[in-house]
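**Student:** This structure is in structure tokens; I'll ask about it shortly.
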Amino acid sequence: MSQPAYLPSSIARARNIADLRRMARERLPRMVFDYIDGGADDEVTLARNVSRFRDIELVWEALKDVDKIDTSTTIMGAPSASPFFISPTATSRLFHPRAGELAVARAAHAAGVPYTCSTLASASVEEIAAVNPGPKWFQVYVWRDRELVKEVLARAKAAGFSAIILTVDVPVVGNRERDGANDFTVPPKVTWRTATQALAAPGYLWDLATTSEIRPANFTHIRMNTGLIDFINAQFDRAVTWDDVRWLRETWDGKLAIKGIATPEDAQRCVSIGADAVWVSNHGGRQLDTAPASIDTLPAIADAVAGKVEIILDGGVRRGSDVVKALALGANAVAIGRAYLYGLAAGGEAGVRRALDIIDSEVRRTMALCGRTQLSALSRDLIFRRALP
Ligand SMILES: Cc1cc2nc3c(=O)[nH]c(=O)nc-3n(C[C@H](O)[C@H](O)[C@H](O)COP(=O)(O)O)c2cc1C
């Protein structure tokens, strides 16, 4: 799809997520933009996540009364004004050093949608809870140091996080070649290449220079002699199996979602282990490249487990119509990643609010155009089946 070369003059003039992406590219040093925007290897899955949504054709039921559209729902026991919410993304202060997670958490609360905090967030669970009294969840990995996991879970619980999200598609970190080409590390190291890129983004550089160091804020008591990626690699336990998920299920008595599921078999394992939600995801194309688009793996998973547990989907959602398609194909809710990160990078809290607002109004408009007023009425009959190739 070709987009006109248009750079909005203000956040309020951003018409869609693609506009926010262009504004983010303008404001960020290239290495930071590429860290958000990029994926693994040849970025086949990254592109497919988006393009497969476009391939799915919607039809509509004509002459239905669509005067009142209701997008409110419940996701993992939490009320939500819309059928989408904030997906966890590591170190959000990197994308806007002044705003970071706190701005995203505030924007989510203002929009009435749940917020998910990454294990590797650059704000602590306590700081996030202080700005977001609404529904919030915490994403975890089963790290080598299980005591560290237990400790952070206890803190999340005390701060009012009602669900945990276990991410299972990162046994090792994916091969993100844009980062290597840009000399990109977290926190950024000064090399000729990174310095040149940073100098081209003075607004970002000013924010970076005049705010505190960007670190994984929930682990400030841990000594990190090396960079974040080395810390992650040291903590990632490649030997984690479903037995460890059982351990986590016993350790945490709140809601549990398992994020990074691509097959009906694994979805069924989530059900039998007592998870509350199966989260269909390929980490936004940042892990196993040439994995199928998330939306393509959804129908079989929905057939296998729908009704037993909730189904969440992420990957490639850039339009409200994508949300409608995912719900029509069996998801209960959709998580958004880059769509709000582009907003954050483009304009801090106002940018995230704009991103959420754009997707919300697109969901409502798509529902009206399809002749459906309730989320529960978004069903497979809205998906066009081609008789001709
Ligand atoms: C910059 C960035 C950082 C991310 N960090 C995490 C993370 O810390 N934990 C996690 O489970 N997923 C992480 N993700 C994956 C997202 O939660 C989500 O699965 C993905 O972004 C969805 O695809 P989309 O960006 O196309 O919407 C990250 C994604 C991006 C783009």
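**Student:** What are the residue pairs meeting all of these: first residue in region 178-191, first residue surrounded by fewer than 16 Cβ atoms within 10 Å (Cβ to Cβ), second residue β-branched (Val, Ile, Thr) and part of a loop (DSSP other than H, G, I, E, B), Cβ atoms under 9 Å, and 6 or more apart or on different chains?
**Tutor:** Partner pairs satisfying both residue conditions: Pro187/Thr91; Pro187/Ile214.
**Student:** Return the total of residues in region 332-389 being within 26 Å of Met76 (Cα to Cα), small (Gly, Ala, Ser) and touching a Leu at 6+ places or on another chain (Cβ under 7 Å).
**Tutor:** The total comes to 2.
**Student:** Let me ask you something else. Considering only region 36-49, I want to know if a residue exists there that is of a type in the set (Asp, Glu) and either out of contact with any Asp or Glu (no Cβ under 8 Å at 6 or more places or on another chain) or assigned to a helix (DSSP H, G or I) (or both).
**Tutor:** Yes.
**Student:** For residues that are of a type in the set (Gly, Ala, Ser) and part of a helix (DSSP H, G or I), scanning just region 302-332, find the one that is farthest from the ligand (Cβ to nearest atom).
**Tutor:** The qualifying residue farthest from the ligand (Cβ to nearest atom) is Ala304.
**Student:** Another question about this same structure. Anything in region 193-213 that is within 14 Å of Leu28 (Cβ to Cβ) and either in contact (Cβ under 8 Å) with a residue 24 or more places away in the chain or part of a loop (DSSP other than H, G, I, E, B) (or both)? List them, or say none.
**Tutor:** Thr194, Gln197, Ala198, Ala200, Ala201, Gly203, Tyr204, Leu205, Asp207, Leu208
**Student:** Picking from Trp247, Trp279, which residue would you name as being at pLDDT 95 or above, closer than 15 Å to Ala333 by Cα and among the aromatic types (Phe, Trp, Tyr)?
**Tutor:** Trp279
**Student:** Select from region 117-162 the residues that are touching a residue at least 12 places away in the same chain (Cβ under 8 Å) and acidic (Asp, Glu) and list them in ascending order.
**Tutor:** Hits for region 117-162 are Glu126, Glu127, Asp145.
**Student:** Just give me the residues in region 45-59 being crowded, with 16+ Cβ neighbours inside 10 Å, of a type in the set (A, V, I, L, M, F, W, C) and away from the ligand (no atom under 11 Å from the Cβ), in sequence order.
**Tutor:** Ile56
**Student:** Within the bounds of region 321-328, is there any residue that is touching a helix residue (DSSP H, G or I) at 6+ places or on another chain (Cβ under 9 Å), hydroxyl-bearing (Ser, Thr, Tyr) and buried (at least 24 other Cβ atoms within 10 Å of the Cβ)?
**Tutor:** no
**Student:** Looking for something part of a helix (DSSP H, G or I), in contact (Cβ under 8 Å) with a residue 40 or more places away in the chain and away from the ligand (no atom under 16 Å from the Cβ) - is there at least one such residue anywhere in region 272-295?
**Tutor:** no
**Student:** To continue, here is another question. Could you list, in sequence order, all residues of region 1-35 that are more than 14 Å from Arg318 (Cα to Cα), of a type outside the set (Val, Ile, Thr) and not in a loop (DSSP other than H, G, I, E, B)?
**Tutor:** Across region 1-35, the qualifying residues are Ala12, Arg13, Met23, Ala24, Arg25, Glu26, Arg27, Arg30, Met31, Phe33, Asp34, Tyr35.
**Student:** Quick one: is Val352 within 16 Å of the ligand (Cβ to nearest atom), in a helix (DSSP H, G or I), at pLDDT 95 or above and more than 19 Å from Asn49 (Cα to Cα)?
**Tutor:** So Val352 passes the test.
The values are calculated or read from the model by the stated rules, or taken from the named source; none is laboratory data. In this text, all values refer to a predicted model and were calculated from it rather than measured experimentally. Neighbour counts are summed over all protein chains in view; Cβ atoms, including those assigned to glycine, are modelled from backbone coordinates with ideal geometry.
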